[in-house]
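Each reported figure results from applying straightforward, stated rules to the coordinates on display, with no laboratory input. Since we're looking at a predicted model, the values are computed, not measured. For neighbour counting, all protein chains shown are included, and Cβ atoms are generated from backbone atoms with ideal geometry for every residue, glycine included.
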Amino acid sequence: MVIHFNRLGRVSPATNAYCKWWTFLEYTLNGAGEMLMATISIQRHIIVFNAGAFKIRSFRYLFHHLPLLLYIVYPLIRHQRLIRWRKQHRELYGVEMHAEPNFPTLGKKAGGKVKVITEKIRGMTDADIEKLLSKDATESPLTTIEEIPIEHEDVHIVYRVAKQIQFEATAEQGFVVLLDYTADASLKDDGLVREITSRVQKLRKEAKVKPTDEIVIYYSVEPQTSEIARIAVERQNEITTILGKSFLPLDKTQNHNIIKKEKITVKDGEIEFVITQTTN
């Protein structure tokens, strides 16, 4: 099956039954074969180096019969549980399915009935949508509404997360992917670093500073307890690397010519940038 897929570059035949069989084969027979191979290798090692061990009935049942039975039955049970838990997992994360009409294709065939058909498509329950998704891609029509045949291209299945707002859901080829877009502390810190470097780069551009010019960038932050002050101190080396120029506190300024300076408000503090040119 894999060789056939690699040769064609696509699944053939592209039917729901074939895909289910392929999934069953990968999760059960192939998995059982690999586990049995590992188990039999260990049992062979025991027989070679301790031949008398399997003469003991309890040892034989525990380390020979039971593992073989377990690794034959376990993949079958696991496959069934994965299928049964798919809906439970979707409910656990609050993923809801909604059917939406594809107006460019549906409008041409539905005509004056498009409004009624749209309401019925949007009113589909999870059970109705699951029934549509279970049908083969080659099956036509997908369903019939108001005597109008509805094909796969006439309906979009949209996945939304209702219970947990930190997730965004999308789906493709039967797989639902949840993206956790909650910004943690490190992401917020990275955002402040980008804010500092982008402001400095903009200031350099306004001052018409060339990349080859010898400059030093000084900064001053008020209040010192603000988040931007903490980032300027903790990520100073990183900011210097990004800018390609020295990034130093303003109290360390030397006898340099001031080219440009600016004070801006960032989050909970004010930061002042001073671009200076070194003198020989």
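Numerical summary
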| item | result |
| --- | --- |
| Proximal lysines relative to K208, as straight alpha-carbon distance under 29 Å, when same-chain residues fewer than 8 apart are discounted | K245, K252, K260, K261, K263, K267 |
| Point-to-point label distance, I258-L68, nm (Cα→Cβ direction, 7 Å offset) | 8.8 nm |
